[in-house]
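Q: First, the structure itself, so that you have it in front of you.
The values are calculated or read from the model by the stated rules, or taken from the named source; none is laboratory data. This is a predicted model, so every value here is computed, not measured. FYI the Cβ positions are ideal-geometry reconstructions off the backbone, even for glycines, and counts take in every protein chain you see. Calculation scope for accessible area: heavy atoms of the full protein, side chains included, ligands and nucleic acids excluded. Shrake-Rupley method; radii C 1.70, N 1.55, O 1.52, S 1.80 Å.
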Amino acid sequence: MGAFFTNLHIRNASTQAICAALPRLTSSRAYVSPQSNGWISVYTETTEDQDDKKLCFIAGGLSQMLKTDVLAFLVHHSDVAVYWLYRCGTLEDEFNSAPEYFGESLDDETRERAGGNADTLLPLCADGTTRQQLDEVLHPPDGPGTFAENIVSDLARLLGIDDARASLGFN
């Protein structure tokens with residue numbers, strides 16, 4: 001059985017502010033981590049069912065309320081890695097390692113939008129991270145072939161998010 005998890009990572013916010021905002025978005029239980037490298041990780045029970053609409057609602061809501069960047073990760077069965085990046089409540093970037101995994105046929109524009117944008121992520125990355133490093137994770141030269149949780153872990157490392165935090169869910 002592959003890995004299944006969801007989590008959120010909030011940039012430059014306080015744990016107290018996040019704890020105050022969460023009940024306005026969800027009544028479910030959540031764990032809010034201490035800050036590390038400018039990021040706070042959040043794990044909500046309600047998103048563990050892999051409902052991306054709930055995950056994006058919480059990510060977008062936190063981003064808007066806290067006026068900051070929120071990155072939401074979802075890993076499905078170790079086959080699919082997804083992220084959504086919200087900036088001040090607006091979806092700025094998204095990535096899906098296998099956009100047609102569930103059998104839906106996508107047009108070129110939707111497929112391209114789900115490819116992730118290294119230029120959008122780069123300002124959030126740890127000092128010294130290059131666009132090439134991001135591109136190698138988002139668009140590996142040999143195509144996708146790694147476990148989805150490895151993609152999330154590699155992205156987290158480049159962003160300065162503890163990869164152990166990025167590889168966990170509420171459960």
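Q: Out of curiosity, is ASP93 within 29 Å of GLU45 (Cβ to Cβ) and in contact with a strand residue (DSSP E or B) (Cβ under 8 Å, 6 or more places away or on another chain)?
A: yes
Q: Is it the case that some residue within segment 82-89 is closer than 13 Å to HIS9 by Cβ, touching a residue at least 24 places away in the same chain (Cβ under 8 Å) and among the hydroxyl-bearing types (Ser, Thr, Tyr)?
A: Yes, there is a match, as at least one residue in segment 82-89 is closer than 13 Å to HIS9 by Cβ, touching a residue at least 24 places away in the same chain (Cβ under 8 Å) and among the hydroxyl-bearing types (Ser, Thr, Tyr).
Q: Right, another one. Here's a check for you: in segment 138-171, which residue that is aliphatic (A, V, I, L, M) and open to solvent by 20 Å² or more (accessible area, probe 1.4 Å) is nearest to the chain's Cα centre (by Cα)?
A: LEU168
Q: Would you be able to tell me the number of residues in segment 58-81 that are in contact (Cβ under 8 Å) with a residue 60 or more places away in the chain, part of a strand (DSSP E or B) and either of a type outside the set (A, V, I, L, M, F, W, C) or open to solvent by 20 Å² or more (accessible area, probe 1.4 Å) (or both)?
A: Pass one, segment 58-81, residues in contact (Cβ under 8 Å) with a residue 60 or more places away in the chain: 70-81.
If we keep only those that are part of a strand (DSSP E or B) as well, we get 70-76, 80-81.
In the following step, the residues that additionally are either of a type outside the set (A, V, I, L, M, F, W, C) or open to solvent by 20 Å² or more (accessible area, probe 1.4 Å) (or both) were identified as 76.
So the answer is 1.
Q: Another one. Evaluate segment 125-134: report whether one residue or more is touching a helix residue (DSSP H, G or I) at 6+ places or on another chain (Cβ under 7 Å) and at pLDDT below 95.
A: Within segment 125-134, none of the residues are touching a helix residue (DSSP H, G or I) at 6+ places or on another chain (Cβ under 7 Å) and at pLDDT below 95.
Q: Another question about this same structure. Restricting segment 82-104 to residues that are within 20 Å of ASP135 (Cβ to Cβ), of a type in the set (A, V, I, L, M) and at pLDDT 95 or above, which is surrounded by the most Cβ atoms within 10 Å (Cβ to Cβ)?
A: The extreme case among them is VAL82.
Q: Can you tell me which residue is nearest to GLU94 (Cα to Cα) among those in segment 5-36 that are part of a loop (DSSP other than H, G, I, E, B) and under 16 Å from the mean Cα position of the chain (by Cα)?
A: ASN12
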